[in-house]
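Q: Submitted below is the structure of interest, expressed as structure tokens.
The values are calculated or read from the model by the stated rules, or taken from the named source; none is laboratory data. The structure displayed is predicted, hence computed values, not measured ones. Positions of Cβ are generated from backbone atoms using ideal geometry, with glycine treated the same way; all protein chains shown enter the neighbour counts.
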Amino acid sequence: MLMPNTESLLHAPVATSSAQDRVTPGRIEVITGPMFSGKSEELIRRLKRAQIARRRVMSFKPDLDVRYHRTAIASHSSQTLEARTVANVEALKAELFPVLDEVEVIGVDEAQFFEPALVGLALELIQMGKRVILAGLDTTFAGEPFAPVPELMAVADEVVKLSAVCMRCGAPAVHTQRLGASQALVVVGAAGLYEARCRACFKPYAEENAEQLELKGIGINH
Ligand code: ADP
Ligand code: MG
Ligand code: ZN
């Protein structure tokens, strides 16, 4: 038996709509952490489970990220899930909105490469009852917040922050280290321009990385 005041809270009128019009709000889930922490793997896992539950899923990634596939989200462990490659939030909306009635779960990988408008879009989608799952880097190679992921974390229902394994010492890694050209030779066949590092091994502005400016123009190689 509910206490009267609890009951009145549960049945409190909503100012903007009648009870019949009300849509059950959706859910924003953010999967974050440094490179190699398993963000794409976790995103793919959640989206595949949603498909198993017969939810209609649509996935997106920015066209900056064409590492392995143009038409799929891909993890460093070669897992993939079909996705649309879009240039920006506007292009994402143009693909999603015409079929929005058919879509229940929206996945976005590499959220850090989208503009701040991604936050407004996620909020708009949950008002329509959609489940929105976004994966992306929380910090840049300089160790600074990587918009719009921190803003997404702030408005999320759930935030999962994963760690990678430090490539120097094996400790849990929270940072993405950008490597200088000479260091890249040391990791030939491995990560290339970036590796996961723990706080102790992370050296964002060390001299050994001075040549990172020369890497400008090579492109993003996450
Ligand atoms: P993210 O999307 O966060 O960059 P992925 O999901 O693409 O990560 O890849 C995670 C996978 O990368 C791990 O399961 C593992 O197989 C591999 N991997 C390679 N290097 C590392 C590392 N330093 N730490 C953890 N996993 C690594
Ligand atoms: Mg990834
Ligand atoms: Zn370390």
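Q: Restricting attention to the stretch 126-153, which residues are among the polar types (S, T, N, Q) and in a strand (DSSP E or B)?
A: Scanning the stretch 126-153 gives a single hit, Thr139.
Q: Which residues, taken from the stretch 154-173, are more than 8 Å from ligand 1 (Cβ to nearest atom), touching a residue at least 40 places away in the same chain (Cβ under 8 Å) and not in a loop (DSSP other than H, G, I, E, B)?
A: Val155, Glu158, Val159, Val160, Lys161
Q: Name every residue in the stretch 142-159 that is crowded, with 19+ Cβ neighbours inside 10 Å and touching a helix residue (DSSP H, G or I) at 6+ places or on another chain (Cβ under 8 Å), in order of residue number.
A: Phe146, Pro148, Val149, Leu152, listed by residue number.
Q: Mind telling me which of the residues Ala50, Ala12 ends up being farther than 29 Å from Leu193 by Cα, at pLDDT 95 or above and small (Gly, Ala, Ser)?
A: Going through Ala50, Ala12 in turn, just one is farther than 29 Å from Leu193 by Cα, at pLDDT 95 or above and small (Gly, Ala, Ser): Ala50.
Q: Limited to the stretch 75-125, what total is found for residues that are modelled with pLDDT under 95 and of a type in the set (A, V, I, L, M, F, W, C)?
A: 1
Each row is one residue, and each column tells you yes or no for (1) surrounded by 17 or more Cβ atoms within 10 Å (Cβ to Cβ); (2) aliphatic (A, V, I, L, M); (3) touching a residue at least 24 places away in the same chain (Cβ under 8 Å).
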{"site": "Gln112", "(1), (2), (3)": "yes, no, yes"}
{"site": "Gly129", "(1), (2), (3)": "no, no, yes"}
{"site": "Leu179", "(1), (2), (3)": "yes, yes, yes"}
{"site": "Tyr194", "(1), (2), (3)": "yes, no, yes"}
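Q: Kindly indicate which of Glu151, Glu95, Glu110 is under 13 Å from the mean Cα position of the chain (by Cα), away from ligand 1 (no atom under 16 Å from the Cβ) and not hydrophobic (A, V, I, L, M, F, W, C).
A: From the options Glu151, Glu95, Glu110, the qualifying one is Glu151.
Q: Would you pick out the residues in the stretch 162-201 that are under 11 Å from Ser37 (Cα atoms) and either away from ligand 3 (no atom under 14 Å from the Cβ) or modelled with pLDDT under 90 (or both)?
A: Matches in the stretch 162-201: Leu162 only.
Q: Go through Phe114, Phe97 for me and flag whichever is more than 24 Å from Leu193 (Cα to Cα) and away from ligand 2 (no atom under 12 Å from the Cβ).
A: Phe97
Q: Could you please give the count of residues in the stretch 49-66 that are of a type outside the set (A, V, I, L, M, F, W, C), over 11 Å from Asp109 (Cβ atoms) and within 16 Å of ligand 1 (Cβ to nearest atom)?
A: Of the residues in that region, 1 qualify.
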